[in-house]
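The numbers here are math on the coordinates, done by the rules we state, and not lab data. Bear in mind the structure is a predicted one, so any value in this text is a computation, not a measurement. Positions of Cβ are generated from backbone atoms using ideal geometry, with glycine treated the same way; all protein chains shown enter the neighbour counts.
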Amino acid sequence: MEKRKLVIIGSGPAGYTAAIYAARANLHPLLFEGFMAGPAGGQLMTTTEVENYPGFPDGILGPELMEAFRKQAIRFDTKILTEDVESVDFSKRPFTVRGSKTVVQAESVIIATGATAKRLEIDGAGDDQFWQKGVTACAVCDGAAPIFRNQPLFVIGGGDSAVEEAIFLTKYASRVYIVHRRDELRASKIMAARALKHPKIELLWNSAIEKIEGDQVVRKVRLKNLVTEKVEERAAGGVFFAIGHQPNTGFLEGQLKLNPAGYIVVKSGSTNTSVHGVFACGDVQDPTYRQAVSAAGTGCMAALDAERWLSHEGID
């Protein structure tokens, strides 16, 4: 069985950045970048234009950005396995990491498996239809794109996230509609009040989007009132899912402390988890920001934390 000082589980901005820093520190990391559980490279692999990552004034395609991260990690001698991690054993050291093909023992582990935006199964919202062609799950990431400017935009959800995204989108949209299945928001009272008072936001109560239509991009939505069953079509420039994220922690099976929503709990100001020698970075431990640049930042932190921990433990 192969043994490593450091194994990184996950890729994307967090995992690849952790690999770059760890490799430059001569930790010779092994990185499981994923395969079937999610695209290697993370959520940016399903994103088109990325315009808010520093250093690219004209923007860059998500897959291109992640390929650059990956090549940089490899350049500094990161070994990458394109397979999923199915289980881990953190009960004793060295830790055991079981991939779909490879089993490795590790003195330390960094987890960077990210989180997956929740979506509804709506006709037209699939990956092979209008996903990232007007349908998205991150207003902060995508809302400023030219495709959405001065367009009617629809936000699906009823919690604080939905209201926050709707308010953010008012900077760019001609009008923002919050589509909610109930007759009152689940958001906190103060957030709900902001939505109700905002002149560019309209609440569509007891409603659901049945279908998203367009040509190369989203052009209209078909709405159904769940009480009256009336169906209507409205012009649309974009549809934003705001119904939460699911952290990719299923493979841990009780090995680490998680918060009630399933995110890995880390010690404040660090990437240390509840198990010494195991670190977490990126969206898998971040329910708040969920940005590529913040994920990369915590990937750097995790590599530095792992390097210092290994040195403290006398593992050279």
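Here are some notes:
- Formal net charge of residues neighbouring Thr116 (Cβ-Cβ distance under 15 Å; K, R +1; D, E -1): -2
- Sequence of Val293, Val266 once ranked by neighbouring C-beta atoms within 10 Å, starting from the fewest: Val293, Val266
- Mean residue ellipticity, 222 nm, helices only, the chain: the sum of -39500 (n - 2.57) across DSSP H runs of n ≥ 4, divided by residue count and rounded to 500, is -7000 deg cm²/dmol.
- Among 203-213, 234-244, the order from most to least packed when residues are scored by Cβ within 10 Å on average: 234-244, 203-213
- Counting charges near Arg308 (Lys, Arg +1; Asp, Glu -1) among other residues having Cβ under 14 Å from its Cβ returns a value of -3.
- Counted residue by residue at 0.36 nm each, then reduced by the alpha carbon distance between them, the extension gain from His276 to Lys118 reaches 53.8 nm.
- The range 153-202: C-alpha pair distances exceeding 16 Å, %: 25 percent
- Additional length obtainable on full extension of the chain from Thr288 to Phe35, 0.36 nm per residue less Cα span: 88.5 nm
- A compact globular protein would have a Cα radius of gyration near 2.2 N^0.38 Å; the ratio found for the range 8-99 is 1.16.
- Per residue, the convex hull around the alpha carbon atoms of the range 66-170 comes to 184 Å³.
- In range of the label at Lys224: residues from the range 117-143 whose backbone nitrogen is under 12 Å from the point 7 Å along Cα→Cβ: 122-123
- Cβ distances below 4.7 Å define possible disulfide partners, and in the chain the cysteines left without one are Cys281, Cys300.
- Net charge of Cβ neighbours under 11 Å - reference Val227; Lys, Arg +1; Asp, Glu -1: +2
- Alpha carbon convex hull of the range 194-316, volume per residue in cubic angstrom: 198 Å³
- Three principal axis extents of the range 54-123 based on alpha-carbon atoms, in descending order, are 47, 40, 21 Å.
- Cross-link check: pairs Lys133/Lys200; Lys200/Lys224; Lys79/Lys133 evaluated at a Cα-Cα cut-off of 27 Å; pairs beyond the cut-off: Lys79/Lys133.
- Extension gain for Asn150-Ser91 works out to 15.8 nm (0.36 nm per residue, less the C-alpha to C-alpha distance).
- Taking the convex hull of Cα positions in the range 119-241, its mean projected area over all directions (nm²): 6.7 nm²
- Long-range tail of P(r) for the chain (Cα pairs > 26 Å, %): 49 percent
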